[in-house]
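The values are calculated or read from the model by the stated rules, or taken from the named source; none is laboratory data. Keep in mind that this is a model prediction, so the values were computed, not measured. Cβ sites come from the backbone with ideal geometry, for glycine too, and all protein chains shown count toward neighbours.
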Amino acid sequence: MKAYARVAVVAGLLLALIGVGTAMGAAPVKIGIVGPLSGGAAMVGDTLVKGAALAIKHLNETGGISGRQLTYVSEDDEQNPAKSVSAVNRLVFQHKVDAVVGTVNSSCQLACQEVTQRAQVPHVTPIASNPKVTRVVISGYSGCRLLTLSSARPSSITL
């Protein structure tokens, strides 16, 4: 239940970041999820995807967000920074997601966050906790917030 609550908070934060409109019948909000879905940390990535799917199902059953349904697509980064960059590139440029959740370790997060920053796609990491992740400042990334729930004190940095 605690993992579900954390994912629900992450989903809510992402939706606030992307400014979901109130248009009924509008295209669904597409969330990209990246994490290790294979290899030694697959259990963590699998939990991330299942938690997000459960939160999305609940939100959709209760009317979505401002009348918009949510969908998700996931990509495996195998807990490898180079593969994480490739996975996030696919999410942002092929799948055209509105926001990204993941990945689950700091080395992958540090590698892939540049992709979402350049594309100005909101990106939340629920677990990565390296100070280089949690205290990042991005010049020219105006009007967005970079959020992390990975530390004991959730932080929000307005950029």
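Every test in (1) modelled with pLDDT under 95; (2) within 20 Å of residue 132 (Cβ to Cβ) is passed by residue 59 save one, and that test is (2). Residues in region 43-66 that are closer than 14 Å to residue 108 by Cβ and among the hydrophobic types (A, V, I, L, M, F, W, C): 44, 48.
With respect to the conditions (1) closer than 19 Å to residue 44 by Cα; (2) of a type outside the set (Lys, Arg); (3) in a helix (DSSP H, G or I), residue 103 lacks only one, and its number is (3). Looking across region 2-37, the residues that are in contact with a helix residue (DSSP H, G or I) (Cβ under 8 Å, 6 or more places away or on another chain), at pLDDT 55 or above and either of a type in the set (Gly, Ala, Ser) or not in a loop (DSSP other than H, G, I, E, B) (or both) come down to 29, 31, 32, 33, 34, 35.
Answer with yes or no whether residue 96 is modelled with pLDDT of 95 or more and part of a loop (DSSP other than H, G, I, E, B). It would help to see each step written out before you state the result.
On the way: modelled with pLDDT of 95 or more: yes; part of a loop (DSSP other than H, G, I, E, B): yes.
For residue 96, the condition - modelled with pLDDT of 95 or more and part of a loop (DSSP other than H, G, I, E, B) - is met.
Exactly one residue among 109, 79 is part of a loop (DSSP other than H, G, I, E, B) and crowded, with 21+ Cβ neighbours inside 10 Å, and that residue is 79.
Scanning region 82-94 for residues that are among the aliphatic types (A, V, I, L, M) and either surrounded by 20 or more Cβ atoms within 10 Å (Cβ to Cβ) or closer than 15 Å to residue 39 by Cβ (or both) returns 82, 87, 88, 91, 92. Residue 59 fulfils the conditions (1) surrounded by fewer than 20 Cβ atoms within 10 Å (Cβ to Cβ); (2) touching a His at 6+ places or on another chain (Cβ under 6 Å); (3) hydrophobic (A, V, I, L, M, F, W, C) except for a single criterion, (2).
Number of residues in region 39-76 that are in contact (Cβ under 8 Å) with a residue 40 or more places away in the chain, out of contact with any helix residue (DSSP H, G or I) (no Cβ under 8 Å at 6 or more places or on another chain) and part of a loop (DSSP other than H, G, I, E, B): the value is 4.
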